[in-house]
Amino acid sequence: MEVERRNGGKEKTMDKTKIDWCDMSWNPITGCKHGCEYCYARRMAERFGGYDDDKGGITTRNPLRRAELHEPLTVTRKGKTANAPYPFGFEPTFHYYRLGEPARKTRPRNIFVGSMADIFGKWVPAKWIAEVLDACEKAPQHNYLFLTKNPKRYIELDSIALLPRAENVWYGSTVTGPDMPLFCSEHHKTFLSIEPLLNRMGDTSTSLRGIDWVIIGAMTGPGSEKHRPARAWVEEIVEQCRRKNIPVFMKSNLAPVWGDELLREFPPELEKGQKGGRNDV
């Protein structure tokens, strides 16, 4: 499925992804202000950022520091015009024209929402979040997985009845070590993404209460060799998850650490997406 660009070109809809715990990524919002030094998304956005301005040049600067786009922008490089997926680099941007993408996919998918953003970052307007959640509700055949380093926003939105309690919407917290905030709830599907694992987590018996799934990964990119987690740290997390019957998914970047066959476990609710999500329709 494709949508028209303003110059008559095409833009592809949701992307198949190399992220191994989901089927597709969907980015109605891009950009982030956390400033994590290990962020792959920032590197990608800066690499492919920019668009053709009215003078025909290329810029990656967004004077508004936050933008709303109702149609795609384009960029011309080496004489070829193409879609500009990150026209303002890593500045927060709402791509309204992408909201209908999940509804165009009929087979169930596990969709990572916001692989190029923190949709629940404190800088993201509640209106943007509400629009994204409404688009999820309009395509209930999929599972939607969110991740944030600001789980306090989940709590704030839930307190005013703006956080859906649907079985197909999963709210994840990203942590890299102990004593980081996370979201646990009896009324929502929740998961924990420990990536990159930079420090020993220690006793997680309390923090894992109410968590439905745990993902573990290592740091990638520049400097990753210096921050490789110890196998003992991973074993400790797995053991504590086993005590609570929490499925564990190890990302492929953990193979040099784990050595043995990686654990690739999914909660039952997410297995259907994995089975049906590799097709294109």
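Odds and ends about this structure:
- Conditions (1) at pLDDT 85 or above; (2) surrounded by 18 or more Cβ atoms within 10 Å (Cβ to Cβ); (3) within 23 Å of I111 (Cβ to Cβ); number of the one not met by W233: (3)
- Tabulated pairs, segment 120-135, first within 16 Å of P164 (Cβ to Cβ), second of a type in the set (K, R), C-beta under 6 angstrom, 6+ apart or interchain: F120/R153
- Residue list for segment 134-164, restricted to those being in contact with a Pro (Cβ under 6 Å, 6 or more places away or on another chain) and not small (G, A, S): Q141, H142, P151
- Strands (runs of 3 or more DSSP E) contained entirely in segment 123-205, each with at least 2 residues that are surrounded by fewer than 23 Cβ atoms within 10 Å (Cβ to Cβ) and over 16 Å from the mean Cα position of the chain (by Cα): none
The values are calculated or read from the model by the stated rules, or taken from the named source; none is laboratory data. Being a predicted model, the structure only gives us computed values, none of them experimental. Every residue, glycine among them, receives a Cβ derived from its backbone with ideal geometry; neighbour counts consider all protein chains shown.
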